1. Which residue, of 8, 68, is of a type in the set (S, T, N, Q) and at pLDDT below 95?
2. Got a sec? Which of 81, 59 is within 30 Å of residue 17 (Cβ to Cβ) and in contact with a Phe, Trp or Tyr (Cβ under 7 Å, 6 or more places away or on another chain)?
3. What strands (runs of 3 or more DSSP E), lying completely within the stretch 12-103, carry at least 1 residues that are loosely packed, with under 14 Cβ neighbours inside 10 Å and on the phi < 0 side of the Ramachandran plot?
4. Tally time: how many residues in the stretch 122-139 are farther than 12 Å from residue 79 by Cβ and outside any loop (DSSP other than H, G, I, E, B)?
5. Please specify each residue of the stretch 110-139 satisfying the condition of being among the polar types (S, T, N, Q) and farther than 19 Å from residue 30 by Cα.
6. Any residue at all in the stretch 58-79 that's under 13 Å from the mean Cα position of the chain (by Cα), closer than 16 Å to residue 136 by Cα and free of Cβ contacts under 8 Å to residues at least 24 places away in the same chain?
7. Which of the residues spanning the stretch 108-130 are in contact with a Ser or Thr (Cβ under 8 Å, 6 or more places away or on another chain) and either open to solvent by 20 Å² or more (accessible area, probe 1.4 Å) or small (Gly, Ala, Ser) (or both)?
8. Tally the residues that are assigned to a loop (DSSP other than H, G, I, E, B) and either of a type in the set (Val, Ile, Thr) or touching a strand residue (DSSP E or B) at 6+ places or on another chain (Cβ under 6 Å) (or both), restricting the search to the stretch 104-117.
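The values are calculated or read from the model by the stated rules, or taken from the named source; none is laboratory data. All values reported here derive from a predicted model rather than from experimental measurement. Positions of Cβ are generated from backbone atoms using ideal geometry, with glycine treated the same way; all protein chains shown enter the neighbour counts. Each accessible area value is taken on the protein alone, full model and side chains, heavy atoms only, with ligands, DNA and RNA left out. Shrake-Rupley method; radii C 1.70, N 1.55, O 1.52, S 1.80 Å.
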Amino acid sequence: MKRLMLTTALLIIASAQAGELKLELEGKGMAGNQVRVAVYSANAPEQFPSEEKYYRGIVYEATSDRLTVRIADLPPGKYAVGTFVDNNRNGKQDKNLLGVPKEIYGFSNNARGMFGSPDFAEAAFDIGESAVSKSIHLH
């Protein structure tokens, strides 16, 4: 009984300390397609913006060119988000022969790299115990 009470108390404390991320995504061509969202943690910034390695990944079906995404239970810390529209539903971002993405994409803070993806630091933001809202425009 004491173990159950302790476990319940720990779960309540853990959930009280977790934050929520609300993303407002917008981009021409999202409607009717899959939108893939990856959340990256500062605990492994070298993974940003890998399509295979991330803290949490979610796939959504977009019904319009705007999509609201809520990601709950994120421990306080520094995060970055990368997202793209998977037009052909193959699970990866298609690129041309030069490595330029053919599908629209975006990063938190609307960060853009000069010749490639931005650094983790450019896209990073903090999540505490309360909700954080971010807007990302996919190009």
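1. Working: 68 fails: at pLDDT below 95.
Exactly one residue qualifies, and that residue is 8.
2. Working: 59 fails: in contact with a Phe, Trp or Tyr (Cβ under 7 Å, 6 or more places away or on another chain).
Step by step, each of 81, 59 is checked, and only 81 is within 30 Å of residue 17 (Cβ to Cβ) and in contact with a Phe, Trp or Tyr (Cβ under 7 Å, 6 or more places away or on another chain).
3. Details: elements: 19-26, 34-41, 56-61, 66-74, 77-86.
Where strands (runs of 3 or more DSSP E) fall fully within the stretch 12-103 and carry at least 1 residues being loosely packed, with under 14 Cβ neighbours inside 10 Å and on the phi < 0 side of the Ramachandran plot, they are 19-26, 56-61, 66-74.
4. Within the stretch 122-139, the subset farther than 12 Å from residue 79 by Cβ is 122, 129-131, 133, 135-139.
Checking the rest, the ones that are also outside any loop (DSSP other than H, G, I, E, B) come to 122, 133, 135-137.
Number satisfying all stated conditions: 5.
5. Filtering the stretch 110-139 down to residues among the polar types (S, T, N, Q) leaves 110, 117, 130, 133, 135.
Within the stretch 110-139, 117, 130, 133 meet the criteria.
6. Yes: one or more hits.
7. Restricting attention to the stretch 108-130, the residues satisfying the condition of being in contact with a Ser or Thr (Cβ under 8 Å, 6 or more places away or on another chain) are 110, 123-125.
110, 123, 124, listed by residue number.
8. Going residue by residue through the stretch 104-117, those that are assigned to a loop (DSSP other than H, G, I, E, B) are 104, 111-117.
With the extra rule that they be either of a type in the set (Val, Ile, Thr) or touching a strand residue (DSSP E or B) at 6+ places or on another chain (Cβ under 6 Å) (or both), the set shrinks to 104.
Qualifying residue count for the region: 1.
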